Amino acid sequence: MSRSTLTAAPARRRGLMALLTTAATAFGTLALAAPAQADSVVQLAAPAGPVQMNAPYTVTLDVPNSSPDFLGKSSTVNVALSGAAATVTSFQASDSGWWCEFPNGATGSCWHLAGFTDPVSITLTVVPTAGGTVTVDAEAINFNQQAIGHDQVNTQVENPTPAFPFTGFYAPVHNAPAVNSVNAGRSIPVKFSLGGDKGLGILADGSPSSQQTTCDGTATDPVNTGAVSTSGLTYDTATDTYTYVWKTDKAWAGTCRALHLGLSDGTDHVAYFQFR
């Protein structure tokens with residue numbers, strides 16, 4: 001099974017761990033051994049940043065297992081990501097006996113499949129999906145299911161700088177959180193500015209798009225569309241205004257929708273509508 005993707009772990013882990021835990025308990029003198037220092041059990045390394053949002057970076061998880069004490073060694077390390085949104089997408093272990101699994105992408109574990117305490121260096125690939133600080137915590141666990149070591153590392157993530165200084169939406173569309181009330185089937189001029197003429201290739205693929213939303217009873221503001229004849233995207237140099245004529249569907253009557261105007265710089269601008 002490839003370690004480039006995080007899939008279900010082999011089922012034998014639980015049985016092996018149970019046997020090894022029983023064996024560890026049987027060594028009475030070993031059970032009295034003091035845990036090793038945290039930095040000798042588990043060590044994390046990652047770039048301080050800043051790294052770019054959506055750009056993968058790596059976190060190195062080292063488990064040297066150099067303690068002379070049996071219960072000062074670890075065969076399982078729990079890992080958790082917190083802070084800015086990020087997920088672990090893959091792992092590579094220096095020892096083929098070690099495996100990692102992150103069911104929801106942000107929390108998971110790395111462990112030895114046979115329950116051994118072989119030293120290992122594991123490289124985790126992390127993809128941040130929001131700006132801020134990604135915090136990675138690692139906690140080493142021994143055969144008695146005791147936490148015997150912890151380390152933490154932080155990486156700063158930058159939001160990409162929007163290429164377009166967006167302002168809008170302009171009349172007749174009302175900006176969120178306002179809900180625009182309009183007759184289904186009408187064409188709506190969606191107007192905005194990007195601080196100058198940026199050409200007509202400023203829309204993201206598939207943009208604009210709309211999705212049905214729940215009508216929550218929020219008071220609506222009527223949209224006076226007037227006469228609209230031009231379809232698609234245009235730019236008016238005199239007013240520095242882009243206009244996209246959004247043709248709505250008569251079948252949307254009695255529903256609410258969110259209009260997403262995605263731009264090629266990765267930004268998304270949203271307006272809300274209720275159709276009569």
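Structure summary
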| read-out | value |
| --- | --- |
| From 199, 168, 195, 185, residue being modelled with pLDDT of 90 or more, in contact with a Pro (Cβ under 8 Å, 6 or more places away or on another chain) and either open to solvent by 40 Å² or more (accessible area, probe 1.4 Å) or more than 30 Å from residue 58 (Cα to Cα) (or both) | 195 |
| Which listed residue, of 251, 176, 238, 204, is under 30 Å from residue 50 (Cα atoms), open to solvent by 30 Å² or more (accessible area, probe 1.4 Å) and not charged (D, E, K, R) | 204 |
| Filter result (touching a Ser or Thr at 6+ places or on another chain (Cβ under 8 Å) and surrounded by 18 or more Cβ atoms within 10 Å (Cβ to Cβ)) within segment 263-276 | 263, 272, 273, 274, 275 |
| From the options 153, 223, residue that is farther than 22 Å from residue 266 by Cα, open to solvent by less than 50 Å² (accessible area, probe 1.4 Å) and at pLDDT below 90 | 223 |
| Pick from segment 95-110, criterion under 21 Å from residue 72 (Cα atoms) and either in contact with a helix residue (DSSP H, G or I) (Cβ under 6 Å, 6 or more places away or on another chain) or part of a loop (DSSP other than H, G, I, E, B) (or both), ranking: most open to solvent (accessible area, probe 1.4 Å) | 95 |
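The values are calculated or read from the model by the stated rules, or taken from the named source; none is laboratory data. Keep in mind the model is a prediction, meaning the values are calculated, not measured. Counting neighbours? That spans all protein chains shown, and the Cβs are built from the backbone with ideal geometry, glycine included. For accessibility, only protein heavy atoms count, side chains too; no ligands or nucleic acids. Shrake-Rupley method; radii C 1.70, N 1.55, O 1.52, S 1.80 Å.
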